[in-house]
Amino acid sequence: MSDTETTHQAATPQAVMPRPADHPTAPTGRVAVLLVNLGTPDAAEKGAVKRYLAEFLSDRRVVEIPPIAWQPILRGIILNTRPKKSAHAYSQVWTEDGSPLAAITRRQAEALQARLGDRVKVDWAMRYGRPAIADKVQALKDAGFDRILFAPLYPQYSGATTATAVDSLGAALGRMRWQPAIRTLPPYHDDPAYIAALQADIARQIAALAWEPEVLLLSFHGMPERTLHLGDPYHCHCRKTARLLAGAMAQTHPDLRIDVTFQSRFGRAKWLEPATDVVLQAEGKAGTKRLVVAAPGFSADCLETLEELAMQGRDQFTGAGGEQFAALACLNDGAPGMDMLESLVVRELGGWV
Ligand SMILES: C=CC1=C(C)c2cc3[nH]c(cc4nc(cc5[nH]c(cc1n2)c(C)c5CCC(=O)O)C(CCC(=O)O)=C4C)c(C)c3C=C
Ligand SMILES: [Fe+2]
Ligand SMILES: [Fe+2]
């Protein structure tokens, strides 16, 4: 007899049926939060990077070229050239705990667990590589968690990030006879808690510098410009985040000039502009001496912030005449970012806990 039938009968006046002991595989109402980020290689060496890039760049949400045209380019050229170069870049930022993106995402999950206590189980997964979304969802279900808040840690929605993470969840659910109930965390690009966290964290890091920046660049990961015309809200979300953040920063730093750029251009198509590397050189050439760059779209530091911005970016700016440069840390597992994440998650869990 199912729980539903029991409840129905209990409501009738004649007989109050005793509730049967829970079926051993029928847990109810146990709630988990699964934090999700992009994914990263298992090691900073060519083979691991090749496996990671093969999975990532074969995702049709990421490279929107028909496989018949794209796969020969990917397998014939890109996977034979890029892994060596990218492995070298990864080796420059690798930590004792492995890839920064994975290590920080794990710490975010641990910090959120400590904040939420035993009401909720917090775990983490990656869209590409490990730990895989499908494995984590199955493990949570097997452990009795039948309600899962799936939280892709991308403040700005994009088909190439949020949607593909949810696709992967959907594929995992598609293989399950008995699925957990699912909620997904909406994009939070304009949430006051996110803007406040960014403002506080950026202001704190600027105050810790021994010099005063003239310019703050807000560098977001790029996307092919075509995706904007196809209706992807990513560009608009980035612009709105930047507008709200600039408004908040103007209260405390009225003399700071704030500009938006897009980094990590890939391939030959036109990407969103202006490009971060181009602007860093142009600023240096134009006489800007002191510049900071922040990456508000990245919830955790990773290759793109630690190598591309902090290392290459410094060379681009100082090589063109700039003098003082700092790449600010992402929100990571610091207090402002964790306060924000806790408030977003608690709001989405309403009615479940
Ligand atoms: C067509 C290629 C790419 C698109 C589109 C793209 C979108 C996109 N990516 C992020 C966030 C991250 N990307 C990261 C690394 C990375 N990105 C691409 C390509 C595209 N990204 C590549 C090839 C790589 C791997 C590194 C390299 O070889 O250059 C990372 C860091 C991962 C890490 O291990 O540290 C993040 C994070 C967003 C948010 C986004 C679209 C909005
Ligand atoms: Fe990327
Ligand atoms: Fe990059």
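Quick notes
- Hits in segment 331-353 - residues which are among the hydrophobic types (A, V, I, L, M, F, W, C) and in contact (Cβ under 8 Å) with a residue 40 or more places away in the chain: L331, M338, M340, L341, L344, V345, V346, L349, W352, V353
- Of all the listed residues (P180, P233), the sole one being assigned by TED's automatic domain parsing to the domain that holds G144 and not charged (D, E, K, R) is P180.
The rows are residues; the columns are (1) among the β-branched types (V, I, T); (2) over 22 Å from C238 (Cα atoms); (3) outside the structural domain of E225 (by TED's automatic domain parsing).
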position: R107; (1), (2), (3): no, yes, yes
position: A114; (1), (2), (3): no, yes, yes
position: D118; (1), (2), (3): no, yes, yes
position: Y128; (1), (2), (3): no, yes, yes
position: A132; (1), (2), (3): no, yes, yes
position: A139; (1), (2), (3): no, yes, yes
position: G144; (1), (2), (3): no, yes, yes
position: I148; (1), (2), (3): yes, yes, yes
position: S158; (1), (2), (3): no, no, yes
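- Only one entry in D142, D167, D118, D146 is of a type in the set (D, E), touching a strand residue (DSSP E or B) at 6+ places or on another chain (Cβ under 8 Å) and more than 16 Å from ligand 3 (Cβ to nearest atom), namely D146.
- Filter result for G39 (among the small types (G, A, S) and away from ligand 3 (no atom under 16 Å from the Cβ)): no
- Members of segment 143-167 that are among the small types (G, A, S), outside any loop (DSSP other than H, G, I, E, B) and either more than 17 Å from E64 (Cβ to Cβ) or modelled with pLDDT under 95 (or both): A151
- Taken as a whole, the condition of being farther than 30 Å from T241 by Cα and touching a Leu at 6+ places or on another chain (Cβ under 7 Å) applies to K136.
- Only one of M249, M223 that is away from ligand 2 (no atom under 15 Å from the Cβ), outside the structural domain of A69 (by TED's automatic domain parsing), crowded, with 17+ Cβ neighbours inside 10 Å and in contact (Cβ under 8 Å) with a residue 24 or more places away in the chain: M249
- Within segment 51-107, if we keep just the residues that are of a type in the set (S, T, Y), within 15 Å of ligand 2 (Cβ to nearest atom) and surrounded by 18 or more Cβ atoms within 10 Å (Cβ to Cβ), the residue that is farthest from the chain's Cα centre (by Cα) turns out to be S86.
Residue-by-condition table, conditions (1) small (G, A, S); (2) away from ligand 2 (no atom under 13 Å from the Cβ):
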position	(1), (2)
F266	no, no
E273	no, yes
A282	yes, yes
A295	yes, no
F298	no, no
D301	no, yes
L306	no, yes
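- Scoring P296 on the criteria (1) in contact (Cβ under 8 Å) with a residue 12 or more places away in the chain; (2) over 16 Å from V215 (Cα atoms); (3) within 14 Å of ligand 1 (Cβ to nearest atom); (4) not small (G, A, S) leaves a single failure, condition (2).
- Scanning segment 250-267 for residues that are within 16 Å of ligand 3 (Cβ to nearest atom) and of a type in the set (K, R) yields a single hit, R265.
- Segment 268-303 - residue that is more than 16 Å from ligand 3 (Cβ to nearest atom) and among the hydroxyl-bearing types (S, T, Y) and, of those, farthest from A44 (Cα to Cα): T288
- Test: residue in segment 147-154 that is within 14 Å of ligand 1 (Cβ to nearest atom) and hydrophobic (A, V, I, L, M, F, W, C): yes
Here's the yes/no breakdown for (1) surrounded by 17 or more Cβ atoms within 10 Å (Cβ to Cβ); (2) over 30 Å from E323 (Cβ atoms); (3) among the small types (G, A, S); (4) more than 16 Å from ligand 2 (Cβ to nearest atom):
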| residue | (1), (2), (3), (4) |
| --- | --- |
| V120 | yes, yes, no, yes |
| A125 | yes, yes, yes, yes |
| A171 | no, yes, yes, yes |
| G174 | no, yes, yes, yes |
| D190 | no, yes, no, yes |
| P213 | yes, no, no, yes |
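- Within segment 66-86, none of the residues are assigned to a helix (DSSP H, G or I) and touching a strand residue (DSSP E or B) at 6+ places or on another chain (Cβ under 7 Å).
- Number of residues in segment 278-331 that are in a helix (DSSP H, G or I), among the hydrophobic types (A, V, I, L, M, F, W, C) and either touching a Gly at 6+ places or on another chain (Cβ under 8 Å) or farther than 21 Å from Q92 by Cβ (or both): the value is 6.
- For segment 299-329, filtering for residues that are within 17 Å of the chain's Cα centre (by Cα) and without any contact (Cβ under 8 Å) to a residue 40 or more places away in the chain leaves 1.
The values are calculated or read from the model by the stated rules, or taken from the named source; none is laboratory data. Just so we're clear, the structure is a prediction, and the values are computed from it rather than from any experiment. No Cβ is skipped: glycine too gets one built from the backbone with ideal geometry, and neighbour counts run over all protein chains shown.
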